[in-house]
Each structure stands twice: as structure tokens, then as C-alpha cells.
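Note sheet for the following structure.
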Amino acid sequence: MKKKYFLIIRYSILIILLFVIQITKITPSWGEVYSRSLYPAIAKTLSGFSGLFPFSVGDLFILLAIIGLFVGLIYARFHKIKFKKRLLGGVEYLLWIYVWFYLAWGLNYGQPNFYQRTGIEYVAYNKENFREFLDAYVTSLNKSYVPISKIDKEITGQIINNEYKKEGLNPGIHTLQGNPRAKTMLFSSLFSKMAILGYMGPFFCEFNLNRELPVSQYASSYAHELSHFLGITNEAEASFYAYLICSRSDEPTIRFCGYLSVMNYVLNNASALLTEDEFREVYLKIKPEIMELAKTNRKYWQDKYSKTIGEVQDWIYDLYLKGNNIPSGRKNYSEVVGLMVSWYYS
């Protein structure tokens, strides 16, 4: 009898939590309450625990969760538990993981977008105003260039943390509290096959970086993933904050990394808006050393990339983003230029 009541209570709690999650995902005001009032405390608690370990606790958790699911199914079959009960147990197991994901971090997807949070007016850029922005960007990019052969990851991380701590300088994002550190992915080589430089570990509020990151991409990747840690779910916004944080740094290598991180997105937009001759003129203005570095980085990741694994991951991630209030899916990354243009004219 007690077991029956326990099941009723457990299922009731699960159903209520699932209902709250679905409502929060589609109600910006609820998402804002979560993001502003609840998530900072949740992040502090979970990251405080995961910070006790030098490795990615979230990576280990995902691995153990997958193993646990299969062990549970094998156990149930070995003990001849009815199929219906096995199925119900497996579904409940996955639903509790789903609930953990959203309560720990995922409900940040329900918060208002960048323009709503900051009050910055969206600028629907055309050829004329984009060209002004483009000229300013290329000038700053060239001016920021410094050769990068090595970096101190600890110092780089601390500098970026300090930038995120500056009150009032980070529009629409929480001011960083404490000193979280990036974890190294447990399976960096596998993620390199998918060209994944880093990701947010939601279950224990960790942000993870690929062990195989080139030095010229470390600072911007750190800043990108740290913005996710601070509750930013939109990939374009995360890329914008990485650009903003790094490009205003007093450290030359970090500043250059910031400008370099968005160069391909800017040039892609330029090639679509400008004539072939105009685009070539802009292209030739960029220092050859910068273009060579970008080419080197691109080849570096291409050599590691697995088309089969990468395309499957792209398809899954595209569906994931579209299911979490980001209708453009993976194309969301390229929308960073719109944020940069609006910021420039604000």
C-alpha cells in the first residue's frame, strides 16, 4: 500500500513539473522570473558542487545515465518484468532527466530575447548602413591583429571572468558572480569530429571547452560558453557577448580573438549584400596574416571533421534548437551580425 502511495506522489510531482516546464518555455514573463531570480541560485549551487572536481561532472553524468538506462532494461528483461512496466520505467527515467535539464538550466530558453532584455532597437540593416558597420569592423579587426603562438589559459579565463563582472557593461546578461572555470571535455577527440569547440553542461552548470582548441580560438570560445553559463541560450547572442567581451579587453591577444571569432559571419553577410567587386575590395583590405590564420583554423577543423558524425549531430542539434524557441535552428549562429549591427547603431 505504501509503495502505491509513493508511486502516486512521485508521478504527481513529475506531471506538475512537466506542466510548469512547458508553460515556462512559452511564457516569456515566467522565463524571465526563472532566469533572473531562480537560475543564479541554481547555478551557484550546482557549479559549486561540480567545481570540486577537475573533470567534467556533466560529461560523466551523461555517460552514466546512458549506461544506467541500458543496465535497467537488461535487468528488467533478465528478471522477466512485463514489457509495459519496463517501458513505463524507461520513460519515467528519461522524463526525470528531462526535468533536471530544464530546471537546472534549460528554462533560460523561455526568457525574453536580446532586444527585449536590453531595450536596444533592432536595426534592419541594408547595404548602406551595413557598409558603414563593415568598414568600422574591418578597421578594428586589422588594428587588433597580433600574432598568437601561445596563451596562458588560466590568465585568459580570469581576464574574461573579470570582464563579465563589470556592472552595467554587459547588456541583457547577468553579472558574473564567483570565479567559475572552464572544464575540459572528457571526449574532445569525438567532439572534434563534429567541429564542436565547446558547450554548456546544463546538469551541473559547467561550461566545457575542447582540449584541441587552437590558441587563436580559446578566448572567444571561453567567453561564448561562459555566456551560456550566465543563462544565455541563443547561440547568436552567445557569439555576440563573446565578441563584445573579448573585443573590449585590454589584453591584445584576447581582443584580436574577439574580432576574429565573428569574421566569417561578417564576411558571409558582406558577400550577400555587396556586389562581387565591392566584396573583393573589402576582402583585400583585411590583413593577409588574418586571412591566413582563418584559413589555417578552417583546415585544422576540416581535417578532424567526420562528415557522417557531423551531419547527424547537426540534424539533432537543429531539431533541439527549433524545439526550444529558436526557430532558425543552427542558422541562429549567423544571426550574430544582426546583433552587432544593432549594437553598433545603438
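The values are calculated or read from the model by the stated rules, or taken from the named source; none is laboratory data. Since the structure is predicted, the reported quantities are computational estimates derived from the model, not experimental observations. Reconstructed Cβ throughout: ideal geometry from the backbone, glycine too, with neighbour counts over all protein chains shown.
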On the basis of being loosely packed, with under 14 Cβ neighbours inside 10 Å, more than 30 Å from residue 64 (Cα to Cα) and not small (Gly, Ala, Ser), does residue 111 make the cut?
no
So, residue 184, is that one β-branched (Val, Ile, Thr) and under 16 Å from the mean Cα position of the chain (by Cα) or not?
yes
Helices (runs of 4 or more DSSP H) enclosed by the stretch 198-275 - at least 2 residues per element that are over 18 Å from the mean Cα position of the chain (by Cα) and over 22 Å from residue 174 (Cα atoms):
215-229, 252-261, 263-273
Scan the stretch 116-133 for residues that are closer than 27 Å to residue 22 by Cβ and loosely packed, with under 15 Cβ neighbours inside 10 Å and report the count.
1
Which listed residue, of 259, 243, 283, is in contact (Cβ under 8 Å) with a residue 40 or more places away in the chain and either touching a Gly at 6+ places or on another chain (Cβ under 7 Å) or surrounded by fewer than 15 Cβ atoms within 10 Å (Cβ to Cβ) (or both)
243
The conditions are (1) crowded, with 20+ Cβ neighbours inside 10 Å; (2) part of a helix (DSSP H, G or I), and residue 189 fails exactly one of them. Which is it?
(1)
Where the second residue is modelled with pLDDT under 90 and the first is within 24 Å of residue 234 (Cβ to Cβ) and lies in the stretch 1-28, which pairs have Cβ atoms under 7 Å and are six or more apart or on separate chains?
25/325
Residue 102 out of contact with any Pro (no Cβ under 9 Å at 6 or more places or on another chain), within 29 Å of residue 35 (Cβ to Cβ) and of a type in the set (Phe, Trp, Tyr)
no
With the structure loaded, tell me whether residue 47 is out of contact with any Lys or Arg (no Cβ under 8 Å at 6 or more places or on another chain) and under 21 Å from residue 182 (Cα atoms) or whether it fails that test.
yes
Return only the number of the condition from (1) closer than 23 Å to residue 188 by Cα; (2) at pLDDT below 90; (3) exposed (fewer than 10 other Cβ atoms within 10 Å of the Cβ) that residue 80 does not satisfy.
(1)
Evaluate the stretch 291-308: report whether one residue or more is surrounded by fewer than 19 Cβ atoms within 10 Å (Cβ to Cβ) and of a type in the set (Val, Ile, Thr).
yes
